[in-house]
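Reviewing the structure listed below.
The values are calculated or read from the model by the stated rules, or taken from the named source; none is laboratory data. Not measured: the values here are computed from a predicted model. Cβ placement follows ideal geometry from the backbone for every residue including glycine, while neighbour counts extend to all protein chains displayed. Accessible surface areas use protein heavy atoms only, side chains included; no ligands, DNA or RNA. Shrake-Rupley method; radii C 1.70, N 1.55, O 1.52, S 1.80 Å.
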Amino acid sequence: MSEKRDYYEVLGVAKGASDDEIKKAFRKLAVKYHPDKEGGDETKFKEANEAYEVLKDKQKRQRYDQFGHAGVGGASGGGGGNPFEGFGGFNGQNVNFDFGDGGLGDIFGQFFGGGFGGQQQQRARRGRDVETSVTLTFEEAVFGVETDLRLNIDVECEHCHGTTVEPGYDMKTCPTCKGAGQQTRVMNTMFGAIQQAVTCETCRGRGKVPEKVCTVCHGSGTERREQKITVKIPAGIDDGATIRLRERGEAIGDGARGDLFVHVRVKAHKKFTREGDLILSEEHISMVDAALGTEIDVETVDGVIRMKVPAGTQSGTDFKLSNHGIPHMRRETRGAHIVSIIVDTPTKLSKKQKELLGQFDTAKKRGIF
């Protein structure tokens with residue numbers, strides 16, 4: 001496995017860089033590598049985003065500076081070290097262990113009948129979760145949108161309505177477990193022969209089986225069909241967000257449906273970039289307009305807005321358009337639109353223009369201006 005690059009190196013900033021320097025470095029890389037932009041690079045975009053998510057957070061950055069990638073849950077290398085090094089080992093605080101399916105928890109469950117308490121733990125039957133993605137325009141992400149998804153998934157059998165039983169027939173007591181829903185196995189272990197209660201393989205813990213299985217789904221309780229699912233995308237959603245729709249995943253016979261996870265991608269905009277609840281853009285003006293002041297038309301997601309640029313504005317000056325940014329998802333307010341002014345310095349001047357600028361420079365040195 002390849003080793004992760006240093007996050008400061010990824011963003012191209014020094015270790016002592018300020019928050020503003022880190023933010024600007026990420027903004028530049030995000031625009032350059034966004035995967036939906038021509039010439040973008042998804043791998044580099046994700047790498048820059050990962051680095052920024054750590055370095056923009058004061059606590060995460062402090063842990064990263066002290067422990068490296070291991071301090072922020074991104075330890076690199078091929079293993080062999082202590083995974084709890086730097087965190088107090090087993091005596092540390094708030095350390096949770098999830099062994100997952102097939103881990104040590106299942107091993108102890110086999111020895112002691114399904115858990116340290118000696119009780120059989122049965123999981124509720126549910127269908128598989130489904131993942132899909134949707135791609136939005138910048139404006140759709142800002143204002144929200146309803147979109148239709150079409151998925152080929154396992155849904156409830158229309159013939160037996162998910163019961164697995166042929167209509168007109170009933171359920172009968174399982175002949176294998178005699179209605180108990182469990183079977184007893186004897187396992188030979190290092191501790192000797194141990195009895196273990198397991199879910200009945202015939203009735204899958206229900207204690208009953210169909211008198212006659214459904215002739216359409218053959219006892220599965222489901223059938224594969226195309227489903228049209230309408231998803232409401234909330235205003236202000238960001239690229240990389242995931243929407244969870246409970247019980248809109250695949251069905252299963254005599255059980256609950258799984259969930260549907262919709263991963264959101266937002267296309268890069270030709271003019272705007274996003275930073276939290278802010279929309280950022282640039283406007284170019286001439287050197288004369290910067291010196292004398294002017295009014296310009298600024299494109300926003302709400303349309304064109306007339307903005308005043310005062311005399312003496314320097315290149316790089318930011319102007320704030322309140323309430324024209326990203327809507328907040330949990331309250332009825334919006335962020336701002338930040339407009340950065342870029343003053344264009346002319347590269348080709350006529351003889352007359354050069355004479356005028358020379359006169360201006362001479363007058364300035366004499367203290368007239």
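Here are some notes:
- Taking the criterion of being open to solvent by 50 Å² or more (accessible area, probe 1.4 Å), in a loop (DSSP other than H, G, I, E, B) and under 20 Å from D154 (Cα atoms), the residues of the range 234-251 that qualify are R246, E247, R248.
- Verdict on T215 being of a type outside the set (K, R), more than 30 Å from K32 (Cα to Cα) and either within 33 Å of the chain's Cα centre (by Cα) or open to solvent by less than 40 Å² (accessible area, probe 1.4 Å) (or both): no
- Condition broken by A241, with the remaining ones in (1) without any contact (Cβ under 8 Å) to a residue 12 or more places away in the chain; (2) touching a His at 6+ places or on another chain (Cβ under 9 Å) satisfied: (1)
- Taking the listed residues R265, R274, the one that is in a strand (DSSP E or B), surrounded by 16 or more Cβ atoms within 10 Å (Cβ to Cβ) and of a type in the set (K, R) is R274, with no other qualifying.
- Checking each residue in the range 281-333 for being assigned to a loop (DSSP other than H, G, I, E, B) and either acidic (D, E) or open to solvent by less than 30 Å² (accessible area, probe 1.4 Å) (or both) picks out G293, V301, D302, T313, G325, I326, E332.
- Residue satisfying condition, being of a type outside the set (G, A, S) and either buried (at least 19 other Cβ atoms within 10 Å of the Cβ) or not in a loop (DSSP other than H, G, I, E, B) (or both), within set D65, D36: D65
- Matching residues, the range 156-181, being in a strand (DSSP E or B) and surrounded by fewer than 19 Cβ atoms within 10 Å (Cβ to Cβ): M171, K172, T173
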